[in-house]
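Right, one structure below, let's go through it.
The values are calculated or read from the model by the stated rules, or taken from the named source; none is laboratory data. Fair warning: this is a prediction, and the values are worked out from it, not measured in the lab. Reconstructed Cβ throughout: ideal geometry from the backbone, glycine too, with neighbour counts over all protein chains shown.
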Amino acid sequence: MSKLVRFGVSLEQDLLEKFDRLTKERSYTNRSEAFRDLIRQELVGKQWASGGEVAGAITLIYDHHKRELVNKLMDIQHAFGDMIISSQHVHLDHNNCLEIIAVKGSPKEAQKLSDSLKSVKGVKHGTLSMSTTGKNI
Ligand code: NI
């Protein structure tokens, strides 16, 4: 962990009040912690935009009864096998499955994998959670 540095920030009063409300709503213990997270969120966004190595999770909700759906999802995942570090399948109910796929690699490929999976017929919902490997942040 690097050394803590204190610095002053000037803000309009109403903006600071909004920030304080947000800090409270999101259960941060203090402004510093909320401010650190905002900065890191921007840095993660920059990592995804600039093409360095990133990490994230794709979640999918689908009906496993749909013909060929499961096979298609498997084929796509095998094609992107290099970047998938883990996957978990949960049987939500009789029809619906939740799949969580953890990825690490290039942002472009992660987006491509996510788009390919989400666009398969029968996938009801899909998200890509864009996160970081934790390095350089
Ligand atoms: Ni299932």
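Here are a few things to note about the model shown:
- Residue check for residue 17: in a helix (DSSP H, G or I), exposed (fewer than 12 other Cβ atoms within 10 Å of the Cβ), of a type in the set (D, E, K, R) and more than 24 Å from the chain's Cα centre (by Cα): yes
- Complete set of residues in region 65-78 that are without any contact (Cβ under 8 Å) to a residue 24 or more places away in the chain, surrounded by 11 or more Cβ atoms within 10 Å (Cβ to Cβ) and over 19 Å from residue 93 (Cβ atoms): 68, 75
- Every residue from region 117-134 that is out of contact with any Asp or Glu (no Cβ under 8 Å at 6 or more places or on another chain) and either within 22 Å of residue 52 (Cβ to Cβ) or among the β-branched types (Val, Ile, Thr) (or both): 120, 123, 127, 128, 129, 130, 131, 132, 134
- Count of region 79-88 residues which are within 18 Å of residue 129 (Cα to Cα) and either away from the ligand (no atom under 12 Å from the Cβ) or surrounded by 12 or more Cβ atoms within 10 Å (Cβ to Cβ) (or both): 6
- Within region 115-136, being closer than 21 Å to residue 2 by Cβ and surrounded by 12 or more Cβ atoms within 10 Å (Cβ to Cβ) holds for 131, 132, 133.
- Among (1) closer than 19 Å to residue 55 by Cα; (2) within 9 Å of the ligand (Cβ to nearest atom); (3) of a type outside the set (Phe, Trp, Tyr); (4) loosely packed, with under 15 Cβ neighbours inside 10 Å - the single one residue 91 does not satisfy: (1)
- Of all the criteria given as (1) modelled with pLDDT under 95; (2) out of contact with any strand residue (DSSP E or B) (no Cβ under 9 Å at 6 or more places or on another chain); (3) within 23 Å of residue 124 (Cα to Cα), the one not satisfied by residue 43 is (3).
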